[in-house]
Structure formats: C-alpha cells, structure tokens
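Undergrad: Please read through the structure below; I'll follow up with questions.
The values are calculated or read from the model by the stated rules, or taken from the named source; none is laboratory data. As the structure is a computational prediction, the values presented were derived from the model and not from experiment. Don't worry about glycine lacking a Cβ; one is built from the backbone with ideal geometry, like all the others, and counts go over all protein chains shown. Surface areas here come from the heavy atoms of the whole protein model, side chains and all, with no ligands, DNA or RNA. Shrake-Rupley method; radii C 1.70, N 1.55, O 1.52, S 1.80 Å.
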Amino acid sequence: MDTLKNKTLLITGGTGSFGSKLTEHILKKKIPVKKIVIFSRDENKQHQMKLAINNSKIQFVIGDIRDKTTLRNSFAGVDYIFHAAALKHVPSCEFFPMEAIKTNVLGTENVLNVAHELKVKKVLLLSTDKACKPLNVMGCTKMLMEKIMLSKIKNKDSKTVISCVRYGNVLFS
C-alpha cells in the first residue's frame, strides 16, 4: 500500500458498504494517506460515518455523480478515485430504470470525463458479477458502465489509468 502514501483518495459512494469498509481498512492499517474524501449524496450516512470515524484525514462532500460541477470541485487535487457510487438494488433499478441509467451509466461517464480533465492519476471502478450476461436493469447498467470504461481506456490522450473490478457484494446472488 506504499502507492497510497501521501496521496489524496476520493471514494464516490463513500458511505456505502464498500466505501466505508475501504476507509475503515485504510485507517485500521495506518496507511499514511494524505486525505480521504468521502463523496456521497446521503447526508445522514455521512453524519453517522463522521461520528463513527473521528479522523482529521477524512473530508466529507455531499454531492451526486450526475453533477459535473460538483465532481470538478471535489476531484481537484485528488490522486486516486474509487468509484463505488451506483444504484445497486435490483428491484429499485427495475422500477426506476432511467434513474439507474442516469446514475450507473451517465454518472460513471461524468466521473471518468472529469477525472481525465483534472488529470487524476488512477480511477478504480466497482462493477458487479451481474454485469456478465445481465438479466436485469442493474446488471445492464453496470455492463454499460464497463463498456464506457473500455472506450475511455482506448483514449490514448489520457494520462488517467482506469481499471475495474467486479465486486459480488450480495451473498448467493
């Protein structure tokens, strides 16, 4: 974890299960990061996380990945982005498919475009096992997120390294 030494990290969806565990892990292992920015649109979860983790290296930003202006303001000076923000509940995505598209597809494109624009060193996207042979809206939007990522990787102008991991976060799913 020396690559994170004195680096500024930003976690989109930072108050979610992945973001909170990653933050907890970094702090528990005493990885000497400069700062961790928790980017989330859930003010209640941010407040709860702030109370649970009282650490001067943590900065909380309320924002939505659908808003490029907020992303630009939040990504300035960031070295690494862990992109975990998404609509992940299958029933919610089925009932509100356009919201899933706006967040999981267009929001991801915003994150990647702004990261490239501001010369963020690396972006790690969190996908899901449901992106492989998708059967539902959530899986389809995460598959499209991966396709957008691949199109951005082919952009040879970008100095931003983009990678993705499929994260099976629901037991027996």
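Undergrad: I need every pair where a residue in region 105-128 that is under 14 Å from residue 70 (Cα atoms) has its Cβ under 6 Å from the Cβ of a residue that is in a strand (DSSP E or B), sequence separation at least 6 or different chains.
TA: Matching pairs, first to second residue: 111/83; 115/81; 115/123.
Undergrad: Mind listing whichever residues of region 113-137 are in a helix (DSSP H, G or I) and either hydroxyl-bearing (Ser, Thr, Tyr) or open to solvent by less than 10 Å² (accessible area, probe 1.4 Å) (or both)?
TA: 114, 115, 131
Undergrad: Out of all the residues in region 1-52, which are buried (at least 19 other Cβ atoms within 10 Å of the Cβ) and hydroxyl-bearing (Ser, Thr, Tyr)?
TA: 8, 12, 15, 20, 23, 40 - these are the residues of region 1-52 that are buried (at least 19 other Cβ atoms within 10 Å of the Cβ) and hydroxyl-bearing (Ser, Thr, Tyr).
Undergrad: May I pose another question? Would you check which residues across region 140-168 are in a helix (DSSP H, G or I), modelled with pLDDT of 90 or more and surrounded by 15 or more Cβ atoms within 10 Å (Cβ to Cβ) and list them?
TA: Matches in region 140-168: 140, 141, 142, 143, 144, 145, 146, 148, 149.
Undergrad: Still on this model: Find the residue count for region 71-101, including only residues that are open to solvent by 30 Å² or more (accessible area, probe 1.4 Å), farther than 11 Å from residue 10 by Cα and either of a type in the set (Lys, Arg) or in contact with a strand residue (DSSP E or B) (Cβ under 9 Å, 6 or more places away or on another chain) (or both).
TA: 3
Undergrad: Can I ask one more? Among the candidates 50, 68, which residue alone is basic (Lys, Arg) and more than 24 Å from residue 105 (Cα to Cα)?
TA: That would be 50, the only listed residue that is basic (Lys, Arg) and more than 24 Å from residue 105 (Cα to Cα).
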